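A quick write-up on the structure given underneath.
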Amino acid sequence: MAPKSRSYQISATPVTIFVHLLAIAITTLVLIWLLHFRHGLALNSFITEKILNVHTLLMVIGFILIGGEAIMAYKTVPGKRNTQKMVHLILHFLALVAIILGIYAAFKFNHESGIPNLLTLHSWLGIITISLFGLQWLFAFFAYVFPGAESSARGNLVPWHTFVGMVIFLLAVCTAEAGLLERFLFLSIGRTQETLIINFTGLLIFLFAASVSLSVLLPRLY
C-alpha cells in the first residue's frame, strides 16, 4: 500500500510571516498611541505620564513582541540548530533587559505620582511573570549554554522548557491585556479614537499570542 500523502500538513512559515506583520501593526499602534495621544516618552519629566509610557512601550515591544520572536526563532532563523539557539537566547536576553527597564519606569512613575506599588492585579501578574521569566532564562542558560547539562538531560528538559516558556509568554500577554484595561479605566476617555487604538492593540496582542502558539505546534517544512 502506498504511503499516505502528507500534503495536508501546514508549515509554520506562513504563520510566522503573519506574526511578523502583527508585530509591525502592534508597534505602529503603540507608538501612535503613546507619541500622539499620551505626550511622548521620557524617563525624567515633570509630566509623569511620559514615564509610564516608557513602561508600556518596553513591556509591549520588548517583552511580548521580542519574546514572541524569540519563541519562533527555531522556525524562522535559517541555519543550524546552534545558530537558532543563540538567536533564541539573545532575543530573550533583550526582552529581559526591556523588562528590567520597564519595571524601573513603572516604579519610578508610581513614586513620582504618589501611587502605592503592587496595588493592582496587573502589577501582581507582572511581578509573577517577570520573576518566572528571569528564572527560566537563567535555568536555560546554565542547562543549554554554560556549563550545559548532559545531552540526555537536555533532551529530557526540552518539552518542559517549551511548556513553561509558553505559559510565561501567555501570562505576559494576560498581564499586558490587564494593563491596557487598567490604563483605559484610569484615563476615562470614553468613546474616542484613542479608545479604538487601545482596543485594537489589545485584540492584535491576543492574535499575536495565538499565532505564536500555533507556530510552535506546526512543523517547519523545507
Most mobile of V97, V54, V30 per a Gaussian network model of the chain (Cα springs, under 10 Å)?
V97
Given A25, L58, P147, which one lies farthest toward the positive end of the charge dipole of the chain, if we put +1 on the Cβ of every Lys and Arg and -1 on the Cβ of every Asp and Glu?
P147
Can you list the HN-Hα couplings for segment 85-98, worked out from phi with the Karplus curve (6.51, -1.76, 1.60; θ = phi - 60°), rounded to whole Hz and with x for Gly and Pro?
5, 5, 5, 4, 5, 5, 4, 5, 5, 4, 4, 5, 4, 4
Pick the calculated Rg/Rh (Cα atoms, Kirkwood Rh) for this structure from (i) 1.34; (ii) 1.02; (iii) 0.93?
(ii)
Return one whole number: the accessible area per residue of the chain in Å², for a 1.4 Å probe.
57 Å²
Let me check I've understood the local charge: for V54, count other residues with C-beta under 12 angstrom from its C-beta, Lys and Arg +1, Asp and Glu -1. What total comes out?
+2
Which of these, S113, S152, S131, has the largest mean-square fluctuation under a Gaussian network model of the chain (Cα springs below 10 Å)?
S152
Calculate the dipole size of the chain relative to its Cα centre from +1 charges on Lys and Arg beta carbons and -1 charges on Asp and Glu beta carbons; express the result in debye to the nearest 20.
720 debye
Place a point 7 Å from the Cα of H20 along the Cα-to-Cβ direction; which residues of segment 43-80 have their backbone N under 14 Å from it?
69-70, 72-79
Taking Cα atoms only, helix 193-217 is inclined relative to the longest principal axis of the chain by an angle, in degrees rounded to 10, of 20 degrees
For the residue pair L132 and V97, what label-to-label distance in nm results when each label sits 7 Å from Cα along the Cα-to-beta-carbon direction?
2.6 nm
What angle do you read, to the nearest 10 degrees and between 0 and 90, between the alpha-carbon axis of helix 151-187 and the longest principal axis of the chain?
20 degrees
If you put +1 on each Lys and Arg Cβ and -1 on each Asp and Glu Cβ, how big is the dipole of segment 12-127 around its Cα centre, in Debye rounded to 20?
380 debye
Taking θ = phi - 60°, what integer Hz values does the Karplus form 6.51 cos²θ - 1.76 cosθ + 1.60 yield along segment 25-41, in sequence order, with x for Gly and Pro?
5, 5, 4, 4, 5, 5, 5, 4, 4, 6, 7, 8, 9, 10, 6, x, 10
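The values are calculated or read from the model by the stated rules, or taken from the named source; none is laboratory data. Predicted, not measured: the structure shown is a model, and the values here were computed from it. Positions of Cβ are generated from backbone atoms using ideal geometry, with glycine treated the same way; all protein chains shown enter the neighbour counts. The protein model used for the area step is the full one, side chains on, heavy atoms only, and it has no ligands, DNA or RNA in it. Shrake-Rupley method; radii C 1.70, N 1.55, O 1.52, S 1.80 Å.
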